[in-house]
Amino acid sequence: MTSTSTDAGTGFRRIQPKPVTITRESLARTSSLAPGFGLVIEASMPDLNLAAWAAASRDFIDAMLAQHGALLLRGFAVKSAADFRQFAEAASSELLDYSERAAPRTEVSSKVFTSTAYPASASIPLHHEMSYSHNWPSRIFFYCSIPPGAGGRTPIADDRRIYDLIPERIKQRFLRHRVMYVRNYGQGVDLRWQEAFQTEDRTVVEAYCRNAGAQFIWLDGDRLRTRQIRQVVAICPGTETTVWFNHAHLFHHSSLAPDVARDLLSMFGEEELPRNVFYGDGSPIETDVLDEIRAIYEREAVRFDWQQGDVLMLDNFRVSHGREPFVAPREILVVMADLFSNPQA
């Protein structure tokens, strides 16, 4: 704003500038991604640097993520993996490496990874990042470097709702026994242990497994089998809210295409599959139980179309994510942040 007065000597009006305060709210506008879940934060001016805005808005980001679970940041100037990393550094306390890997990824720059390398024609069921492990990122970030040619959305779901919707008979059996993950590395159809643990040194793997409370055995042919019993639910820090939090429906062989599952079972049997999951007492999990859980996730999934430069920030405790089939090209980059270690592992 300005005010004016007349200069007595010249007759011209003298303009007196007044300071204008630019608030965080004036730089970005918000809208709901879905009723009661997810928030879209859109830049109000072109070429607004997302990392600089986040550094000045950390309290706001933390509060909105705690309230909404997912933030879709759109219209900011995010043009590279470096820009993406700078935002994640401004919005989180600690960026993480990807250890105990469940899927192949490429590190495009320090702590910035490609999303899961999986056939474009296949879906990836909704899941929490690394909920099969004894520790996991509290936050996960996605950056749309190249939008999909078609499809390729990243569905998300509020796992507070998932927990409430899973029938009590299913919950109680899982809660009673927990979940056992069995993984066989080095059979030529999934990750080698060297890639999963990012080392060529067996003693490093052994130390990791002992620290993680995971059983391990070395097999012939440079193979490794691990067995670990993990949680079924998690408690969201700060809210004490219970969420469904495991990889059972994703790691079980019934998540595969029927012909692929049939071929793998005929080749390896249930115990030798590259990855599989059981109740914590070793008994098999019924396929119809997992189908029911998958159907609940599918009904609750919230979807949006990726746009160039979009950044999606998730509370990895509360919110699960997946991937739809797509037509290339598609490049979504990932950063994981703020490690949580499960004291009950």
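The values are calculated or read from the model by the stated rules, or taken from the named source; none is laboratory data. Worth saying up front: this structure is predicted, and the values here are computed from it rather than measured. Every residue, glycine among them, receives a Cβ derived from its backbone with ideal geometry; neighbour counts consider all protein chains shown.
Inspection of the stretch 222-231 finds a residue satisfying the criterion of being outside any strand (DSSP E or B) and either surrounded by 13 or more Cβ atoms within 10 Å (Cβ to Cβ) or not assigned by TED's automatic domain parsing to the domain that holds GLU271 (or both). Comparison of SER320, SER266 shows that the only residue that is in a helix (DSSP H, G or I) and either surrounded by fewer than 17 Cβ atoms within 10 Å (Cβ to Cβ) or within 22 Å of the chain's Cα centre (by Cα) (or both) is SER266.
Among residues that are closer than 24 Å to PRO119 by Cα and either buried (at least 20 other Cβ atoms within 10 Å of the Cβ) or hydrophobic (A, V, I, L, M, F, W, C) (or both), VAL335 is included. The criterion of at least 1 residues that are among the hydroxyl-bearing types (Ser, Thr, Tyr) is met, among strands (runs of 3 or more DSSP E) falling completely within the stretch 120-171, by 135-146.
The set of residues from the stretch 81-98 being hydroxyl-bearing (Ser, Thr, Tyr) and surrounded by fewer than 14 Cβ atoms within 10 Å (Cβ to Cβ) comprises just one member, SER93. The residue list THR106, THR116 contains one member that is in contact (Cβ under 8 Å) with a residue 12 or more places away in the chain, of a type outside the set (Gly, Ala, Ser), surrounded by fewer than 17 Cβ atoms within 10 Å (Cβ to Cβ) and outside the structural domain of VAL205 (by TED's automatic domain parsing), which is THR116.
Of all residues in the stretch 30-44, those satisfying the criterion of being in a strand (DSSP E or B) and more than 14 Å from ALA54 (Cα to Cα) are THR30, SER31, SER32, LEU33, ALA34, PHE37, GLY38, LEU39, VAL40.
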